[in-house]
Amino acid sequence: MHAGSSQPPAPLVRLVSSPKDLQQALCIRLAVFVHEQGVPPEEEIDLRDLDADHLLAEVCGRAVGTARVVRLDAGTARIGRVAVVRRSRGVGVGWALMRACEVVANPWARSIILDAQVQVFGFYERLGYIREGDVFLDCGIEHVRMRLAL
């Protein structure tokens, strides 16, 4: 590293373990999906939140990203609601969140599916996820189904 350059600290990703953690995760989702992207709030928070494993990414003790893992059946996990606050994008937070989600799913899942927004399709592709099917609309945003075999 050259003198004067600085690299952001690596994100710490952990399972949500308290009501306060969950509130932080939901606030990030509302900021990204509802306020930035115009998703209706009633579409963003759903019953899957009750049985999901939620993850929280922190940088220097500040919550900057979240995701959730839902068990669909004995062999399939669904990663969703992956959100990183604007100021923390492009520095590895999303990557760390996705890898942590895969670790959470790995003990019981044989594959992971997700519905990627078309605008970030390449991000998931670089993580090894494979596109399945055609583009579809979810909350007015173009998505594509993707899968990763574990």
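The values are calculated or read from the model by the stated rules, or taken from the named source; none is laboratory data. From a predicted model like this one, the values you see are computed outputs, not experimental measurements. Here Cβ is always computed from backbone atoms with ideal geometry, including for glycine, and neighbour counts include all displayed protein chains.
Key figures
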| item | result |
| --- | --- |
| Conditions (1) in contact with a Cys (Cβ under 8 Å, 6 or more places away or on another chain); (2) under 20 Å from GLN117 (Cα atoms); (3) surrounded by fewer than 14 Cβ atoms within 10 Å (Cβ to Cβ): number failed by PRO9 | (2) |
| Search result, residues across region 128-150 that are surrounded by 15 or more Cβ atoms within 10 Å (Cβ to Cβ) and assigned to a loop (DSSP other than H, G, I, E, B) | TYR129 |
| Some residue of region 94-106 being surrounded by fewer than 13 Cβ atoms within 10 Å (Cβ to Cβ) and more than 16 Å from LEU15 (Cβ to Cβ) | no |
| Pairs, first closer than 17 Å to ARG71 by Cβ in region 86-110, second modelled with pLDDT under 95 and of a type outside the set (Gly, Ala, Ser), C-beta under 6 Å, six or more apart | ASN106/LEU150; ALA109/LEU150; ARG110/LEU150 |
| Residue that is surrounded by 19 or more Cβ atoms within 10 Å (Cβ to Cβ), of a type outside the set (A, V, I, L, M, F, W, C) and touching a residue at least 24 places away in the same chain (Cβ under 8 Å), where the choices are ARG29, ARG71 | ARG29 |
| Residues (over 17 Å from ARG81 (Cα atoms) and touching a Leu at 6+ places or on another chain (Cβ under 7 Å)) located in region 110-129 | ARG110, SER111, GLY128 |
| Residue list for region 41-63, filter: buried (at least 19 other Cβ atoms within 10 Å of the Cβ) and either in contact with a His (Cβ under 7 Å, 6 or more places away or on another chain) or part of a loop (DSSP other than H, G, I, E, B) (or both) | ALA52 |
| Boolean, GLY38 is part of a loop (DSSP other than H, G, I, E, B) and in contact (Cβ under 8 Å) with a residue 12 or more places away in the chain | yes |
| Count - residues of region 33-63 that are under 27 Å from SER111 (Cα atoms) and either under 12 Å from the mean Cα position of the chain (by Cα) or among the small types (Gly, Ala, Ser) (or both) | 7 |
| Scan of region 50-63 for residues that are among the acidic types (Asp, Glu) and either at pLDDT 95 or above or under 18 Å from ARG99 (Cβ atoms) (or both), ordered by number | ASP53, GLU58 |
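Every residue, every condition in (1) aromatic (Phe, Trp, Tyr); (2) in a strand (DSSP E or B); (3) touching a Leu at 6+ places or on another chain (Cβ under 7 Å), yes or no:
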position	(1), (2), (3)
GLY65	no, yes, yes
ARG78	no, yes, yes
ALA83	no, yes, no
VAL91	no, no, no
ALA96	no, no, no
ALA100	no, no, yes
